[in-house]
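Since the structure comes first, as structure tokens, the remarks are kept for the end.
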Amino acid sequence: MNYKFKPQGNVAVKISTGEAGGNNYLSPDLIKNLVQSVNGTIVECNTAYGGSRSSTAMHRQVAEDHGFTRIANVDILDEEDSINLDVPNGKHLDYDMVGSHYQNYDSVIVLSHFKGHAMAGFGGAVKNISIGFASSSGKSYIHSAGTRTSGFGGASQDDFLESMAEAASAVATDKGDNIIYINVMNKLSVDCDCDSNPAEPDMHDIGILASTDPVALDKACVDLVYDAPDGESLIQRMESRNGIHTLDYGAEIGLGNLNYNFVNID
Amino acid sequence: MKKLIIVLVIIAIIIIAIIIIFNLLNNNNKDIASTNTHVNTNVNTANNTDANQLNQEGTNNGDASTVYFTSDISSEGLMKIYIELQIQTTRKCCS
């Protein structure tokens, strides 16, 4: 995946604003310079569960409370509607339902907090462009492996993971050369930022990784957790949910590459 | 008879001396060989260490994707890795 990325036109910076009550989400102070240097808009979508970000008004309040409106404009992409993106090579999803404002952006910087996740095992770049860009209905569609657009469940674990990779592939294909991925490996809880009461991280921070390939990027993060002397809890979380299957299947459908060259720029 | 015994003793001493000298030389060669082995082991270890370091700092897997890393989790670190990614993607694109 060798391509030229240059932020142009309207630039979206996709983050997770984090559920109210949690505090492991990316700090506005950490991302401020990057977001402002590209004149970016922070973008997010509403959740499909009944938390503090399930409606646009509540979601905006959380974004403000967490300090994101202080550093940039925040756009809730599914504030008005969903649009459908084609899913290349999909066996579960016929389309990917993303927030309709998605189409207003020319370039995307996917800025993800890598951590564990109660359903997916871990969350990184692939999850951020699949579940993260999906509208509330679209999230249900992915979680159910393409069988329903409300609520959760109805799919086997592997079908759910494969659906996530398919939705990610829809976004990556749609944006082509105009999307890059950065994962921050800090506050490495076994729980995600969508959890209002996540477990305390019990391993040390690792670093920041970046790539044009979301599969390679997430795989490198997973490998670093395995290499870490204190990664047992997160490894257990990833393995108990078969999280790596998302990346295996992503590679199978052409979303990215499991092999990577690791370049330390320190 | 006495002369014969003296000659035999001298011959025996010479033979024993030759054996001792030969053994000493042989042991010395073994030590040298052992030293060489040790040096070679050290060289191999050094090479392996270099290789391991290379794997950590910059593997080369042919057509594999590139993942950049910094341990600097700060605003500056984030900008640094973003710029590095931009430079590299531009270079790959247009070279």
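A few comments on the model shown:
- Between residue A:252 and residue A:202, the modelled labels are 3.2 nm apart [label points 7 Å from Cα along Cα→Cβ].
- Of the GluC sites (Glu not before Pro) found in the stretch A:1-90, those in coil by DSSP whose Cβ has at most 12 other Cβ atoms within 10 Å are A:80.
- The convex hull of the Cα atoms of the stretch A:53-125, projected and averaged over all directions, covers 6.6 nm².
- Each pair of Cα atoms in the stretch A:97-177 enters the Kirkwood radius, and Stokes-Einstein at 4 °C and 1.567 mPa s then converts it into a translational diffusion coefficient of 101 µm²/s.
- Using Cβ point charges alone (K and R +1, D and E -1), the dipole size of the stretch A:144-263 about the Cα centre works out to roughly 280 debye.
- Estimated FRET transfer efficiency when R0 is 25 angstrom, pair residue A:230-residue A:58 (beta carbons, to 0.05): 0.10
- Whole-number D in µm² s⁻¹ for the stretch A:40-173, Kirkwood Cα-pair radius fed into Stokes-Einstein, 25 °C, 0.890 mPa s: 166
- Set A:6/A:139; A:6/A:91; A:91/B:80; A:139/B:80; A:127/B:80 screened for pairs whose C-alpha atoms are more than 27 Å apart: A:6/A:139; A:6/A:91; A:91/B:80; A:139/B:80
- More than 15 angstrom apart: percent of Cα pairs within the stretch A:171-215: 57
- Spin-label model, residue A:106/residue B:11: points 7 Å from Cα along the beta carbon direction are separated by 10.6 nm.
- Zone residues, the stretch A:105-120, relative to residue B:84, backbone N less than 17 Å from point 7 Å out along Cα-to-Cβ: A:112
- The chymotrypsin sites (Phe, Trp or Tyr not before Pro) of the stretch A:1-68 that meet both conditions, a loop assignment by DSSP and at most 15 other Cβ atoms within 10 Å of the site Cβ, are A:3, A:49.
- Value of D in µm² per second that Stokes-Einstein yields for the protein assembly as shown, Kirkwood Rh from Cα pairs, at 10 °C (1.306 mPa s): 71
None of the figures in this text is laboratory data; all of them are computed from the coordinates on show. All of these numbers come straight from a predicted model, not from anything done at the bench. Here Cβ is always computed from backbone atoms with ideal geometry, including for glycine, and neighbour counts include all displayed protein chains.
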